[in-house]
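Reviewing the structure listed below.
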């Protein structure tokens, strides 16, 4: 039948099925989309069997990871019961985003909603095959996809990004955006890695609910998630708290042995380091530097704002204090990363290896934007490549202007720090954003039988 409508109406001259066949046509559309989706293979993925606390065998789940999973499940359930706008689920491999997307699709199908659940590579293949499919046309298949009552696009960004593929994806996304059609997208990419036109629509905060999942891979529970380099999960570092930090009150007036490193130039102008063993007597003034650093670290852990820089000799206690800050924040359900600077730079380089399953941009972004970053053992400039030091500066520069809590420990003395990292030191000297504490104490020592020292007791 044709509707009796004036010229200009979208239905003018167009053949329409009569109302008596509407139910059959709707059922046929649902069946075609279901077959295209292959949802029968994912029918077991529901909200009821979603592990919102992650894999119970996971060794590196943080409270924030668990909270993120619970928030993602809640957002997915809300969307399934009231599908409006778009839902973007972002996260690494195996974090649960496909399970939630399939659960949304399965719920919609059970409610009789014509739903298409499909990975983006399969979607593009389906469109390509339609050119030679005797039972349909490309136009018909394309229309089914872009106008589905609910479209769930899984693994967005893994497709072959040919010009044709990008254009078809944009046409689908743009059509659904303009017509306010409910859409779910899962991706392991960051928004910056997505094609600019599509990214612009995904950044519409009033239309798109963006949920990030940081949980580790459910299928590999014993491996760390990104960023999985934090030493806070190591038994000894995990045990470093404010409660078991020794303030060394009983050492005042006692003699201690320490190694002093001095720097000079040889006759050719090269820098030469000399090590000298010195005997020092611990004074009240020395103890005060440690006490001041402890009090500042406790205050910072309770309300982390700006930067804290802890300077001092090896094993004077600064790593213990830095770890205590991180452990305290995690205990409150927050997130913190403690990493040696050298390990951090190696971690970034690994993304360029052939076996890496994560891009440098994603890993770099995770580090520079993590809620709390604790950089341990910043060494003098020149010990790493120019590239590495440049990336380190970019991370710290971002965190400085983004007002992200950051802790830095180093054995460099203030003057040496200023010479090695002048740009960074100028930021640290901004008392409105940073605080510097120099711990002037000899190394911790563990006393064995007979009162002989057997090694360092506390962190660096």
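Have a look at 145, 208 and point out the one that is under 15 Å from residue 119 (Cβ atoms) and either modelled with pLDDT of 95 or more or crowded, with 17+ Cβ neighbours inside 10 Å (or both). It would help to see each step written out before you state the result.
Working: 208 fails: under 15 Å from residue 119 (Cβ atoms).
Of the residues listed, the single one that is under 15 Å from residue 119 (Cβ atoms) and either modelled with pLDDT of 95 or more or crowded, with 17+ Cβ neighbours inside 10 Å (or both) is 145.
Need the failing condition index for residue 178 against (1) modelled with pLDDT under 90; (2) surrounded by fewer than 13 Cβ atoms within 10 Å (Cβ to Cβ), just the number.
Result: residue 178 passes all but (1).
For segment 84-102, check the following and say yes or no: at least one residue is farther than 26 Å from residue 212 by Cα and surrounded by fewer than 21 Cβ atoms within 10 Å (Cβ to Cβ).
Step one: filter segment 84-102 for residues farther than 26 Å from residue 212 by Cα, giving none.
Scanning segment 84-102, I find no residue that is farther than 26 Å from residue 212 by Cα and surrounded by fewer than 21 Cβ atoms within 10 Å (Cβ to Cβ), so the answer is no.
Check whether at least one residue in segment 397-411 is in the same structural domain as residue 308 (by TED's automatic domain parsing), loosely packed, with under 13 Cβ neighbours inside 10 Å and farther than 24 Å from residue 230 by Cβ, and report yes or no.
At the first step, the residues of segment 397-411 found to be in the same structural domain as residue 308 (by TED's automatic domain parsing) are 397-411.
Those left that are additionally loosely packed, with under 13 Cβ neighbours inside 10 Å: 401-403.
Checking which are farther than 24 Å from residue 230 by Cβ leaves us with none.
Among the residues of segment 397-411, not one is in the same structural domain as residue 308 (by TED's automatic domain parsing), loosely packed, with under 13 Cβ neighbours inside 10 Å and farther than 24 Å from residue 230 by Cβ, which makes the answer no.
Considering each residue of segment 314-336, count those that are in a loop (DSSP other than H, G, I, E, B) and either buried (at least 20 other Cβ atoms within 10 Å of the Cβ) or under 20 Å from the mean Cα position of the chain (by Cα) (or both), and give that number. Step through it out loud before you land on a result.
So the first thing to find is which residues in segment 314-336 are in a loop (DSSP other than H, G, I, E, B), and the list is 314-317, 332-336.
Within this subset, residues satisfying the condition of being either buried (at least 20 other Cβ atoms within 10 Å of the Cβ) or under 20 Å from the mean Cα position of the chain (by Cα) (or both) are 315-317, 332-336.
So the answer is 8.
Pick from 392, 378, 344: which is crowded, with 18+ Cβ neighbours inside 10 Å, part of a loop (DSSP other than H, G, I, E, B), in contact with a helix residue (DSSP H, G or I) (Cβ under 8 Å, 6 or more places away or on another chain) and not assigned by TED's automatic domain parsing to the domain that holds residue 65?
Details: 392 fails: part of a loop (DSSP other than H, G, I, E, B); 344 fails: part of a loop (DSSP other than H, G, I, E, B).
378 is the lone residue from the list that is crowded, with 18+ Cβ neighbours inside 10 Å, part of a loop (DSSP other than H, G, I, E, B), in contact with a helix residue (DSSP H, G or I) (Cβ under 8 Å, 6 or more places away or on another chain) and not assigned by TED's automatic domain parsing to the domain that holds residue 65.
Consider residue 45 carefully, then state whether it is under 29 Å from the mean Cα position of the chain (by Cα), surrounded by 12 or more Cβ atoms within 10 Å (Cβ to Cβ) and either part of a helix (DSSP H, G or I) or at pLDDT below 90 (or both). If you could, list the steps in order and put the result at the bottom.
On the way: under 29 Å from the mean Cα position of the chain (by Cα): yes; surrounded by 12 or more Cβ atoms within 10 Å (Cβ to Cβ): yes; either part of a helix (DSSP H, G or I) or at pLDDT below 90 (or both): no.
So residue 45 fails the test.
On the given criteria, is residue 116 under 30 Å from residue 217 (Cβ atoms), in contact with a helix residue (DSSP H, G or I) (Cβ under 6 Å, 6 or more places away or on another chain), touching a residue at least 24 places away in the same chain (Cβ under 8 Å) and crowded, with 18+ Cβ neighbours inside 10 Å? Lay out the reasoning, then the answer.
Working: under 30 Å from residue 217 (Cβ atoms): yes; in contact with a helix residue (DSSP H, G or I) (Cβ under 6 Å, 6 or more places away or on another chain): yes; touching a residue at least 24 places away in the same chain (Cβ under 8 Å): yes; crowded, with 18+ Cβ neighbours inside 10 Å: yes.
It is true that residue 116 is under 30 Å from residue 217 (Cβ atoms), in contact with a helix residue (DSSP H, G or I) (Cβ under 6 Å, 6 or more places away or on another chain), touching a residue at least 24 places away in the same chain (Cβ under 8 Å) and crowded, with 18+ Cβ neighbours inside 10 Å.
The values are calculated or read from the model by the stated rules, or taken from the named source; none is laboratory data. Model, not experiment: these values are computed from the prediction. Glycine also receives a Cβ, built like all others from the backbone with ideal geometry; neighbour counts cover every protein chain displayed.
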